[in-house]
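The values are calculated or read from the model by the stated rules, or taken from the named source; none is laboratory data. Quantities reported herein were computed from a predicted structural model and do not represent experimental measurements. Virtual Cβ from ideal backbone geometry, glycine too; neighbours counted across all protein chains shown.
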Amino acid sequence: MSTLPEDPSSLISEEDRDTVTRRLQEAYAEGHISHQALDDGLHQVLTARTNGELAVTLASLPEEQAPTTSTIAPTASTIAAAAGRIRRRGVWQVPQFLKIESAMGKVNLDLSRAVIEHPVVDIELQLGTGRAKITVPRDALVDAEGLHTGWKDIRYRPRLPSRPGGPTIRITGAMGFGRLRIRHARR
């Protein structure tokens, strides 16, 4: 659904609210709106009662493009750095397969506010030295059995999901002389 019903005084449905929320997240992920505009827009969407209130938020966003091969998020992606920091946080599109390569440096992946469209996300780490930290959504299940560590063990305390249906984050690969810390988001 790309547009709202014609009557601006009619009460909104959850589908309408979800549509505008998705559009806000996409606009932010594509760099069309700022973080503050995303927060303000989400507040407006969550407090809106009528289609007219949602229409104001929707009107501030760029036109929705028809999907093409260049706008569809890849199902696999690689992030690599010889040295330095690899960092992803905030609202970002998580591919189904994500490979992180770093010879030296820190890795910080925050999936707590990321857009995760796949029920299972595979993250392959190929790290030499340096620490890695992965923050997963509160309701995510984590499987790190396929990760081989050379010097230090993985720091992870599993928790029971707060609600069923969260994504499964499967972490594989190899780490040399660093430590991986996995934690669940608090909110």
Original post:
Conditions: (1) within 17 Å of the chain's Cα centre (by Cα); (2) more than 15 Å from Ala114 (Cβ to Cβ); (3) exposed (fewer than 13 other Cβ atoms within 10 Å of the Cβ). Arg155 meets all but one. Number of the miss?
Top reply: (1)
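Given the options Gln36, Gln44, Gln96, name the one that is out of contact with any helix residue (DSSP H, G or I) (no Cβ under 9 Å at 6 or more places or on another chain), over 30 Å from Gly176 (Cβ atoms) and at pLDDT 75 or above.
Working: Gln44 fails: out of contact with any helix residue (DSSP H, G or I) (no Cβ under 9 Å at 6 or more places or on another chain); Gln96 fails: over 30 Å from Gly176 (Cβ atoms).
From the options Gln36, Gln44, Gln96, the qualifying one is Gln36.
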Original post:
Does any residue of the range 159-170 turn out to be crowded, with 17+ Cβ neighbours inside 10 Å and in a strand (DSSP E or B)?
Top reply: yes
Subject >> The lone exception for Asp139 - which of (1) loosely packed, with under 14 Cβ neighbours inside 10 Å; (2) in a loop (DSSP other than H, G, I, E, B); (3) not polar (S, T, N, Q) it fails >> reply: (1)
Subject >> Lone unmet requirement of (1) surrounded by fewer than 17 Cβ atoms within 10 Å (Cβ to Cβ); (2) touching a strand residue (DSSP E or B) at 6+ places or on another chain (Cβ under 8 Å); (3) within 28 Å of Gly166 (Cβ to Cβ); (4) in contact (Cβ under 8 Å) with a residue 40 or more places away in the chain for Thr129 >> reply: (3)
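Could you grab me the full set of residues in the range 22-37 that are polar (S, T, N, Q) and part of a loop (DSSP other than H, G, I, E, B)? Break it down into steps so the answer makes sense when it comes.
In the first step, residues of the range 22-37 are kept if they are polar (S, T, N, Q); the result is 25, 34, 36.
Across the range 22-37, the qualifying residue is only Ser34.
Does Leu125 satisfy the criteria of being in the same structural domain as Gly178 (by TED's automatic domain parsing), under 13 Å from the mean Cα position of the chain (by Cα), aliphatic (A, V, I, L, M) and farther than 23 Å from Leu24 by Cα? Quick ask: steps written out before the conclusion?
Details: in the same structural domain as Gly178 (by TED's automatic domain parsing): yes; under 13 Å from the mean Cα position of the chain (by Cα): no; aliphatic (A, V, I, L, M): yes; farther than 23 Å from Leu24 by Cα: yes.
No: the conditions fail for Leu125.
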Subject >> Positions within the range 132-177 being under 17 Å from Ala80 (Cβ atoms) and without any contact (Cβ under 8 Å) to a residue 24 or more places away in the chain, in sequence order >> reply: none
